[in-house]
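The values are calculated or read from the model by the stated rules, or taken from the named source; none is laboratory data. Keep in mind the model is a prediction, meaning the values are calculated, not measured. Note that each Cβ is placed from the backbone with ideal geometry, even for glycine, and that neighbours are counted across all protein chains shown.
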Amino acid sequence: MKTDLTTKFGIEYPIYGFTPSEHVAAAISRAGGLGVLGCVRFNDPEELDAVLTWMDENTDGKPYGVDIVMPAKIPTEGSQVDLDSMIPPEHRAFVDRTLADLGVPPLGDDAESASGVLGWLHSVARSHVDVALKHRPALIANALGSPPRDVIDQAHAHGVPVAALAGAVDHAKRHVANGVDVVIAQGYEAGGHTGEIASMVLVPEIVDALGDSAAVLAAGGIGSGRQVAAALALGASGVWMGSYWLTTAEYKLGSASGDGPSSVQRALLGATSADTVRSRIYSGKPARLLKTKWTDAWSRPEAPDPLPMPLQNILVSEAHQRMSAAENPDVVAMPVGQIVGRMNEIRPVAEVMVELVEGFDQAVARLGSL
Ligand SMILES: Cc1cc2nc3c(=O)[nH]c(=O)nc-3n(C[C@H](O)[C@H](O)[C@H](O)COP(=O)(O)O)c2cc1C
């Protein structure tokens, strides 16, 4: 399973794992892939610094990457107080009413209310890059556009290649023109922010359009070795997976008790590939989420239009916290892709990696025998 990029990064398998959990990211790197830590949730650069120190110490010297979010269309900047004041009272009333209707209790007296994700503001994402470059990332990836030219130059000055997600050929070409080294062709079926073109169409389209100018990773809907083989057959140099790691044993984010599967994981385990929806209610930009009573409520005619980034997430952040504390799998807010239909048990990352590699070998053998 050697490709141009496995050699470049010094990894065993062409499997790149995006995850917001440092425990999962480190396990992916230790298992021979490249774990990529999502930084968007870190509003405090010191917390990110501590987590990356932990990554440095827990990856057995293997490479890992970081992922930031710098949207090409820059969201409204402002302090937490400024941004809070931009949220219309009718939106807040809708959220309160919906949570009451869904039976989600208020936070306990001792709980501090979450402030919302600010990592997609350029000011905060720049702090992520500054902190990351004090550690040893092998890759900096960016969602929602090319990072600004000076950020690409900053990474290159440290010898760190830059990747960017693309949902269309035009985006991919723009990334390369801006100096991006690796394009992640991410199809419609993917979890999180996603475009409108399916992976089966998008990956070869981007591979052909870019030729030798940049390596391409395939993302969206991958959760088996057969799909890894298919992605390489389509011309990709590897796969970039996000959803599949959410049901690994190492994923503990959003788990109130810490023991056994969290309510989110239980919801994911029970979902089929038809149980996702692409909606702006998580961040203000279209993102694929698990379909639940919460997403259903926002699709009713009386629901308000979601607010632009970053206001929508600030609006719903306490709601997310309340749903997480309520531990009801029917009412959760979680980005996930259509591959959720294959996510049927909680397993350690290392076991998932072995299965991906074995499945790849079997697929290649089968094709060879045809
Ligand atoms: C829970 C979750 C959060 C995500 N957050 C980000 C993010 O912050 N930055 C990013 O580049 N991609 C993010 N993504 C997208 C992944 O990087 C990846 O492209 C996608 O999950 C691939 O498709 P898949 O979900 O079918 O594996 C997220 C995906 C999920 C499931």
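Taking the range 216-253, which residues are more than 10 Å from the ligand (Cβ to nearest atom) and at pLDDT below 95? Spell out how you get there, then give the answer.
We begin by selecting, within the range 216-253, every residue more than 10 Å from the ligand (Cβ to nearest atom); these are 216, 224-226, 228-238, 247-250, 252.
Across the range 216-253, the qualifying residue is only LYS252.
Just to be sure I understand, how many residues within the range 313-341 are in a helix (DSSP H, G or I) and within 18 Å of the chain's Cα centre (by Cα)?
Looking only at the range 313-341, we keep the residues that are in a helix (DSSP H, G or I), and these are 313-326, 338-341.
Cutting the leftovers down to within 18 Å of the chain's Cα centre (by Cα) gives us 313, 317, 320, 338-341.
Selection size over the range 313-341: 7.
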Given the conditions (1) in contact (Cβ under 8 Å) with a residue 12 or more places away in the chain; (2) in the same structural domain as ALA319 (by TED's automatic domain parsing); (3) outside any helix (DSSP H, G or I), report the number of the one that LYS134 does not fulfil.
-> (2)
Among (1) assigned by TED's automatic domain parsing to the domain that holds ILE28; (2) farther than 22 Å from THR19 by Cβ; (3) surrounded by 17 or more Cβ atoms within 10 Å (Cβ to Cβ); (4) aliphatic (A, V, I, L, M), the one test that ILE314 misses | (1)
Taking the range 115-151 as the region of interest, how many residues are closer than 15 Å to SER283 by Cβ, aliphatic (A, V, I, L, M) and out of contact with any Asp or Glu (no Cβ under 6 Å at 6 or more places or on another chain)?
-> 6
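Before we move on, is ALA111 in contact (Cβ under 8 Å) with a residue 40 or more places away in the chain, within 21 Å of VAL40 (Cα to Cα) and aliphatic (A, V, I, L, M)?
Numbers: in contact (Cβ under 8 Å) with a residue 40 or more places away in the chain: yes; within 21 Å of VAL40 (Cα to Cα): no; aliphatic (A, V, I, L, M): yes.
For ALA111, the condition - in contact (Cβ under 8 Å) with a residue 40 or more places away in the chain, within 21 Å of VAL40 (Cα to Cα) and aliphatic (A, V, I, L, M) - is not met.
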Considering only residues of the range 1-54 that are charged (D, E, K, R) and more than 30 Å from SER113 (Cα to Cα), which is farthest from the ligand (Cβ to nearest atom)?
-> LYS2
Among (1) within 30 Å of GLU12 (Cβ to Cβ); (2) of a type in the set (Gly, Ala, Ser); (3) out of contact with any strand residue (DSSP E or B) (no Cβ under 8 Å at 6 or more places or on another chain), which single condition is ALA93 missing?
-> (1)
All conditions in (1) surrounded by fewer than 16 Cβ atoms within 10 Å (Cβ to Cβ); (2) more than 30 Å from GLY225 (Cα to Cα); (3) free of Cβ contacts under 8 Å to residues at least 60 places away in the same chain are true of GLY270 except (2)
